[in-house]
Amino acid sequence: MLTNVQKKLYLLSEFIRQQEDTLKVREQDFVNSFEKISRKVMKTYDLFIHRTAKIQSEWLKFVHRLDSQLEASLKQSVKNTLRDLGR
């Protein structure tokens, strides 16, 4: 979840502060995850860097699929967060 909303009555300033704090933590989580994924992908690519054009092509397809899956996951996370905010 990208937010931290509990079922209670908030003062606007308290709600904003809590959400800003939560977003800072989530942002750092995303950055850390991105860096970890990037390192692992680059380390894996080292195994394929000097291979044939066919293997390079397959690697590129794999990276595009991975990118699409990550994008879909992020979109779903945003949808879930917006849905929960609407409750």
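The values are calculated or read from the model by the stated rules, or taken from the named source; none is laboratory data. Since the model is a prediction, treat every value here as computed from it, not as a measurement. Counting neighbours? That spans all protein chains shown, and the Cβs are built from the backbone with ideal geometry, glycine included.
Every condition in (1) hydrophobic (A, V, I, L, M, F, W, C); (2) modelled with pLDDT under 95; (3) under 11 Å from the mean Cα position of the chain (by Cα); (4) assigned to a helix (DSSP H, G or I) is met by Ile16 except one, and the failing one is (3). When the range 39-87 is filtered for residues that are surrounded by fewer than 10 Cβ atoms within 10 Å (Cβ to Cβ) and modelled with pLDDT under 90, the ones remaining, listed by number, are Arg83, Gly86, Arg87. Taking every residue in the range 69-80 that is within 15 Å of Phe34 (Cα to Cα) and pairing it with any residue that is surrounded by 10 or more Cβ atoms within 10 Å (Cβ to Cβ) and at pLDDT 90 or above, at least 6 positions away or on another chain, the pairs with Cβ-Cβ distances below 8 Å are Leu70/Ile37.
Residue-by-condition table, conditions (1) outside any helix (DSSP H, G or I); (2) more than 11 Å from the chain's Cα centre (by Cα); (3) in contact (Cβ under 8 Å) with a residue 40 or more places away in the chain:
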| position | (1), (2), (3) |
| --- | --- |
| Lys8 | yes, yes, no |
| Val31 | no, no, no |
| Thr44 | no, yes, no |
| Arg51 | yes, yes, no |
| Lys54 | no, yes, no |
